[in-house]
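Report on one structure; see the data block that follows.
The values are calculated or read from the model by the stated rules, or taken from the named source; none is laboratory data. Values in this document were obtained by computation on a predicted structure and should not be read as measured data. Cβ: placed from backbone, ideal geometry, glycine included. Neighbour counts: every protein chain shown.
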Amino acid sequence: MTTTIENAPAAVPFIEKAPLERYVPPDKPSLVGLTRAQLAALLGAVGVAEAQRKMRVQQLWHWIYFRGLTSFEAMTSVSKELRAELAQRFTLDRPEVVAELVSVDGTRKWLLRLPGETQGTGIGERPHEVECVYIPDTDRGTLCVSSQVGCTLTCSFCHTGTQRLVRNLTAGEIVGQVMMARDRLGDWPGATRPTDGVVPTGNRCISNIVMMGMGEPLYNLDAVRDALLIVADGDGIAISKRRITLSTSGVVPNIERAGAEIGCMLAVSLHAVRDELRNELVPLNRKYPIAQLLEACRNYPGVSNAKRITFEYVMLKGVNDSIDDAKALVRLLKGIPAKINLIPFNPWPGSKYECSDWEQIEKFSQVVFDAGYASPVRTPRGRDILAACGQLKSATEKLSARERMALRAMAMTD
């Protein structure tokens, strides 16, 4: 594996970054993110009889994931003694909102401090933080969730890829992003929804989950799997696996595992039709070239016309947006039940790329559409707050301590 080296020359072919730190659990851990089996083991450790554990697990599951409680005290179906024991040893913490930015189009971006992190830990004497984005439409609400602090990869068009990889997130920190967003949006039974911005008309503010935030999910597969199975569980948050999409840059060995063990929808960051160009845009291609990646897609468990793979293709002016590229893309995907998402490039400070002209994007899309593929052009959302695709990077990481404290105070009083 090729890893980053601090202050290495630009010619070094970075592919994957080594994590700089390991997760250190807090003294008082959160129950958020534990599987049913883990909850049962935990209850056994605090003295709950084996005959009662299944019932107690179901009670905790309901209060944590269906009701969204943040304290044990309100769990009225649980004995006072057990509530007190749990409160003494554990919490129901989720990531803390340090800052919230709201776009003119209603998109919300949260900078989140992870549970148990304190000032003085992490890179540069900062607590570990990630970003999470909520994208509302009139008929749905999509939450973009992160899987790593920083990112494993170095895709040249992606702002997130310019960060160092600090560590993988735990299942609890991944599920916690969903729970935090439901807290902020009033998306629990009986809660009050915000009146600012766009709010979906359905029963839920959050109807869809996309693992497209910071990090490469398939390099943190075990935690991502456990988190998404919790999110999909029908007795709790209950978001259908058909409404959960995992996006990968092409970690070929783990694609089949993801399909078999999670069963959610798959999105692939393709972005080029030739290995030479994809090596530059997505350096992981040097390890798993296009032919291997597409073979893994053909073998993805459950793939069908009813469960198509989404191929993401960022439109870069003069780089990958020619009509010849469009025709080659159609040829590459022949035989794969697919949808092709064309993504206008979202600029970020220091980027060397430009977005394709709109007229060229439309011509590219028409070629793909005429070949029988759905080819929607993704409308950029949240560009004004650097919340659009490829822009996620903790923009507040360079703020002064006073500025960060002010943002945190504003978030807490919203």
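Within the stretch 322-341, can you find the residues that are surrounded by fewer than 22 Cβ atoms within 10 Å (Cβ to Cβ) and touching a Ser or Thr at 6+ places or on another chain (Cβ under 7 Å)?
The answer is PRO337, LYS339, ASN341.
Scan the stretch 13-51 residue by residue and report those that are assigned to a loop (DSSP other than H, G, I, E, B), surrounded by 11 or more Cβ atoms within 10 Å (Cβ to Cβ) and without any contact (Cβ under 8 Å) to a residue 60 or more places away in the chain.
VAL46, VAL48
Inspect the stretch 83-90 for any residue being at pLDDT 95 or above, basic (Lys, Arg) and over 17 Å from the mean Cα position of the chain (by Cα) and give the result as yes or no.
The answer is yes, given that some residue of the stretch 83-90 is at pLDDT 95 or above, basic (Lys, Arg) and over 17 Å from the mean Cα position of the chain (by Cα).
So which residues in the stretch 348-376 are within 28 Å of the chain's Cα centre (by Cα) and at positive phi?
Selection gives GLY350 alone.
I'd like the residue in the stretch 227-240 that is in contact with a Lys or Arg (Cβ under 9 Å, 6 or more places away or on another chain) and assigned to a loop (DSSP other than H, G, I, E, B) and, out of all such residues, is farthest from LEU112 (Cα to Cα).
ASP233
Per-residue answers, yes or no, for (1) touching a residue at least 12 places away in the same chain (Cβ under 8 Å); (2) part of a strand (DSSP E or B); (3) under 24 Å from GLN292 (Cα atoms):
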residue: ASP321; (1), (2), (3): yes, no, yes
residue: ALA326; (1), (2), (3): yes, no, yes
residue: LEU329; (1), (2), (3): yes, no, yes
residue: ASN341; (1), (2), (3): yes, yes, yes
residue: TYR353; (1), (2), (3): yes, no, no
residue: GLU362; (1), (2), (3): yes, no, no
residue: VAL368; (1), (2), (3): yes, no, yes
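Has the stretch 165-182 got at least one residue that is of a type in the set (Asp, Glu), crowded, with 19+ Cβ neighbours inside 10 Å and at pLDDT 95 or above?
yes
The conditions are (1) more than 30 Å from ILE64 (Cα to Cα); (2) buried (at least 16 other Cβ atoms within 10 Å of the Cβ); (3) in contact (Cβ under 8 Å) with a residue 40 or more places away in the chain, and ILE230 fails exactly one of them. Which is it?
Condition not satisfied by ILE230: (1).
Among the residues of the stretch 261-292, which ones are touching a Gly at 6+ places or on another chain (Cβ under 6 Å) and surrounded by 23 or more Cβ atoms within 10 Å (Cβ to Cβ)?
LEU284 - this is the single residue of the stretch 261-292 that is touching a Gly at 6+ places or on another chain (Cβ under 6 Å) and surrounded by 23 or more Cβ atoms within 10 Å (Cβ to Cβ).
Report whether or not ALA258 is hydrophobic (A, V, I, L, M, F, W, C) and either surrounded by fewer than 22 Cβ atoms within 10 Å (Cβ to Cβ) or part of a helix (DSSP H, G or I) (or both).
yes
Identify the single condition in (1) farther than 14 Å from LEU270 by Cβ; (2) in contact (Cβ under 8 Å) with a residue 12 or more places away in the chain that GLY372 does not satisfy, given that it satisfies every other one.
Going through the list (1) farther than 14 Å from LEU270 by Cβ; (2) in contact (Cβ under 8 Å) with a residue 12 or more places away in the chain, GLY372 breaks only (2).
Scan the stretch 270-309 for residues that are part of a strand (DSSP E or B) and in contact with a helix residue (DSSP H, G or I) (Cβ under 9 Å, 6 or more places away or on another chain) and report the count.
2
Does SER71 satisfy the condition of being without any contact (Cβ under 8 Å) to a residue 24 or more places away in the chain and either in the same structural domain as LEU153 (by TED's automatic domain parsing) or touching a Leu at 6+ places or on another chain (Cβ under 9 Å) (or both)?
It is true that SER71 is without any contact (Cβ under 8 Å) to a residue 24 or more places away in the chain and either in the same structural domain as LEU153 (by TED's automatic domain parsing) or touching a Leu at 6+ places or on another chain (Cβ under 9 Å) (or both).
Yes/no matrix, rows are residues, columns are (1) farther than 16 Å from GLY172 by Cα; (2) in contact with a Pro (Cβ under 7 Å, 6 or more places away or on another chain):
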{"site": "LEU42", "(1), (2)": "no, no"}
{"site": "ALA45", "(1), (2)": "yes, no"}
{"site": "GLU50", "(1), (2)": "yes, no"}
{"site": "VAL57", "(1), (2)": "yes, no"}
{"site": "THR76", "(1), (2)": "yes, no"}
{"site": "GLU81", "(1), (2)": "yes, no"}
{"site": "LEU114", "(1), (2)": "no, yes"}
{"site": "VAL133", "(1), (2)": "yes, no"}
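Name the residues in the stretch 199-226 that are among the β-branched types (Val, Ile, Thr) and assigned to a loop (DSSP other than H, G, I, E, B), would you?
Filtering the stretch 199-226 down to residues among the β-branched types (Val, Ile, Thr) leaves 199, 201, 206, 209-210, 224.
Residues satisfying the conditions are VAL199, THR201, ILE206.
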